[in-house]
Amino acid sequence: MSAVLVLVDYDGSTVRKAAFELLTLARRIGDPVAVVVGPDAASAADALRGHGATTIVTVDDAAVLDHLVAPVAEALAQLVARYSAVAVLVPSSSSGKEVAGRLAIKISSGVVTDAVDVERDETENPAQLVAIKSVFAGSFTTRCVVSHGIPIICVKPNSVAPEPAADTEATVVAFVPELSDLARAARITARAPRQASGRPDLGEAAIVVSGGRGTNGDFAPVESFADALGGAVGASRAAVDAGWYPHANQVGQTGTTVSPQLYVAAGISGAIQHRAGMQTSKTVVAVNKDAEAPIFEMVDFGVVGDLATVLPAATDEIAKRRT
Ligand code: FAD
């Protein structure tokens, strides 16, 4: 068995789509061993089985859940050894990347972050795994190989279409890792649920509509357009710094990295720090009243115009076509 460990994106009650995307990739390169960390982790088993996990390892020991990510990295390191894993796939979220970095130190392996695909090197060496990245606003595709240890690959959400599998026979194993004192150095003292907006989570939404300084503080057209498309709302740092939208919605270098199928930038100039958070989006559309705005250098489709006119017209058109 060529076990590929998949760290499941699980929020304590729901398995997120990113986990099914990783399982889809893992099936292409080996036997997916899904590792679910969270309360009542066994409840995730059916969903994971339906996406091809052959082994489901549940970790819901209080000692792991009460601490930050260090125990998760220790658990994964022990599971790599137990299953002789050939690779580890992790969501390319901020916590996923931290787990990956800590795991890499523990098992002396290389990490690739922000991958959009993983495949075997069928031409030269099929045992070798290649992580594919899209860089410089999608202008280049790079192929990355880990040269030391087993590859730990962080995969961006929405990079792969999740494919359900015929229900597999999966073994469910409860695992209690042995934790070092260091892993328990930082403890979680309180948790508060984020206020629900009714919109998809920014980091994993398939469609994101973002507003910038060009909104002049009025995000209503941006929100209405996002709602018409069933998308999440993002914001540039200029809009966040002005207090027009919460920091949780900021897209960019110092905000969230998104990689949706469709990214709409409205009233955003396209500064490098903003691009850093959305440049791997599949299709980029911009609405900007300045035809010279740098964002137009990277778009698939651009509209030169006032967002206060263009977005409501597009929203109306979508509503009309839906009825
Ligand atoms: P502007 O650059 O002011 O652009 C506004 C755009 O709106 C213009 O192109 C204008 O033509 C257009 N416009 C105006 N009115 C209208 C209208 N009515 N209709 C249509 N278009 C209109 N930025 C981020 O976004 N995310 C980050 O994470 C981030 N991190 C940073 C980290 C560092 C260390 C630094 C130094 C900067 C960072 N920035 C970040 C800031 C970044 O450099 C830009 O200042 C910011 O992205 C600009 O936001 P903006 O495009 O909304 O505003």
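For residue 9, the amide hydrogen comes within under 5 Å of the amide hydrogens of 16, 19, counting only partners 5 or more places away or on other chains and with H modelled in the peptide plane. How far is the Cα center of segment 213-227 from the Cα center of segment 111-128, in Å? For segment 213-227 versus segment 111-128, the Cα centre distance is 40 Å. Across the options 323, 123, 109, the greatest Cα extent toward the positive end of the charge dipole of the chain (unit charges at beta carbon of Lys, Arg, Asp, Glu) belongs to 109. How many angstrom lie between the Cα centre of segment 21-60 and the Cα centre of segment 148-200? Distance between centres, Cα-based: 10 Å.
Quick one: if the Förster radius is 30 Å, what FRET efficiency do residue 140 and residue 68 give, using the C-beta to C-beta distance and rounding to 0.05?
E between residue 140 and residue 68, to the nearest 0.05, is 0.30.
Here the accessible area of segment 73-127 is 48 percent carbon and sulfur, with a 1.4 angstrom probe and all protein chains present. Seen from all directions on average, segment 72-203 presents a Cα convex hull projection of 11.9 nm².
The Cβ shell under 15 Å around residue 8 holds other residues with a net charge of -3, Lys and Arg each +1, Asp and Glu each -1.
Scaling against 2.2 N^0.38 Å puts the C-alpha radius of gyration of the chain at 1.05. Placing +1 on the Cβ of every Lys and Arg and -1 on the Cβ of every Asp and Glu, with nothing else charged, gives the chain a dipole about its Cα centre of roughly 280 debye.
Structure remark: mean-square fluctuation, Gaussian network model of the chain, C-alpha springs under 10 Å; the largest value among 188, 107, 268 belongs to 188.
Mind giving me the FRET efficiency for residue 186 and residue 84? R0 is 35 Å, r the Cβ-Cβ distance, nearest 0.05 is fine.
0.70
Working note: Karplus 6.51/-1.76/1.60 with θ = phi - 60° gives segment 173-180 the couplings 10, 7, 10, 10, x, 8, 9, 7 Hz, where Gly and Pro are set to x. The local environment of residue 93, defined by Cβ-Cβ distances under 13 Å, has a net charge of -3 under the rule Lys, Arg +1 and Asp, Glu -1. Placing unit charges on the Cβ atoms of the charged side chains and taking the dipole of segment 114-243 about its Cα centre, the candidate lying farthest along the positive direction among 151, 132, 233 is 233.
Between 27, 82, 191, the residue with the greatest mean-square fluctuation in the GNM of the chain (Cα pairs under 10 Å linked by springs) is 191. Each Lys or Arg adds one and each Asp or Glu takes one away; over the other residues whose Cβ falls under 12 Å from the Cβ of residue 263, this sums to +1. The mean accessible area for residues of segment 58-180, using a 1.4 Å probe and ignoring ligands and nucleic acids, is 47 Å² per residue.
Among 92, 236, 224, the largest mean-square fluctuation in a Gaussian network model of the chain (Cα springs under 10 Å) belongs to 224.
Partner lysines whose Cα lies under 16 Å from the Cα of residue 17, excluding those fewer than 8 positions away in the same chain, are identified as 156. Compared with the alpha-carbon gap, the fully stretched path from residue 201 to residue 300 is longer by 33.3 nm at 0.36 nm per residue.
Taking the protein heavy atoms of segment 161-312 in the context of the full set of protein chains, the accessible area attributed to carbon and sulfur is 50 percent at 1.4 Å.
The values are calculated or read from the model by the stated rules, or taken from the named source; none is laboratory data. From a predicted model like this one, the values you see are computed outputs, not experimental measurements. Note: ideal-geometry Cβ built from the backbone for every residue, glycine included; neighbour counts use all protein chains shown. For accessibility, only protein heavy atoms count, side chains too; no ligands or nucleic acids. Shrake-Rupley method; radii C 1.70, N 1.55, O 1.52, S 1.80 Å.
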